[in-house]
Structure formats: C-alpha cells, structure tokens
C-alpha cells in the first residue's frame, strides 16, 4: 500500500468515525491533525461541511428533549389520558445493533393492546438515522415508528 493511499484511507476512516466522537474528542483530533477532514476528496469535504453545519446547531445531552420531542411528549400524555396507550418513556430502551453501535429511540410506547413500539421523532431525516432504525427493525421483534410533525398532527412511517 502506498503512503498516499494509506493517508486517504486513514482520512476516510477518521471521517466515518468523526460523528461518533464527543465534542472534546473532535477538538483533540483537530489539534493533532490540522488536515482532519480536509483531504483531497472533494465529496468527503462537502459532506463533512454540510453535516457539521447541521450538527453545529447543537445536540442536547442524553435524556434532554428538543422542542419537537417535547410536543410529542405532550401528545403521548394526551393519548395516555384517553386510554389509547398504557405507558411511554423518553429514551426508555437502548438497542445494541453491532459492536460499539447503539440505537436509542426517542420514545418507548406500549399501546392499549399491549404491543410495544419504539417511536423516533424527527424534524428531518439524516442518512445515518434512517439506516439505524431500519437495522434495528430487522434485528428486533418490536415495531419501529418514525414520527414527524405535520401541521397540527403527526405523520407516521412504520418499519416492521
């Protein structure tokens, strides 16, 4: 393997693992390697920049709800009061998809008929989020539901 090919492979590996790092880990990586995510591959740079801009808006800590999740929490509370669901919990279950790869749906919901569902609330979908929910739906005997705010209601997409 040539040095150039080795460098490009290392950069792509760093790119793929970049989004699994914490903020302080990313800062240390930038300090150690000033060309981190600035390799020769133009597509890699453009993708990194668009995703980094989107994530720069801020991610909340685990256990903290964003505004869309808070609105859905209120909706689930109303469904529980009406008897349509028996139980729900925010980030109630964590699924192991592979080594060092986990998926935590936003809400675990038990319907009135006893069926357990995992609800993922999104304002918009990223590719990695869609892949994780599809992989989880294939591996576990639980119904996965993607929920998106649509006007005054909620639009659902089912992954069985």
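Need the failing condition index for residue 89 against (1) out of contact with any helix residue (DSSP H, G or I) (no Cβ under 9 Å at 6 or more places or on another chain); (2) at pLDDT below 95, just the number.
(2)
Surrounded by 11 or more Cβ atoms within 10 Å (Cβ to Cβ), in contact (Cβ under 8 Å) with a residue 60 or more places away in the chain and within 12 Å of the chain's Cα centre (by Cα) - does that describe any residue in segment 112-127?
yes
Answer with yes or no whether residue 143 is surrounded by fewer than 16 Cβ atoms within 10 Å (Cβ to Cβ) and touching a strand residue (DSSP E or B) at 6+ places or on another chain (Cβ under 6 Å).
Taking the combined requirement at face value, the residue does not satisfy it.
With the condition kept exactly as written, say whether any residue in segment 127-148 is at pLDDT below 95 and in contact with a helix residue (DSSP H, G or I) (Cβ under 6 Å, 6 or more places away or on another chain).
no
The values are calculated or read from the model by the stated rules, or taken from the named source; none is laboratory data. Keep in mind the model is a prediction, meaning the values are calculated, not measured. Cβ: placed from backbone, ideal geometry, glycine included. Neighbour counts: every protein chain shown.
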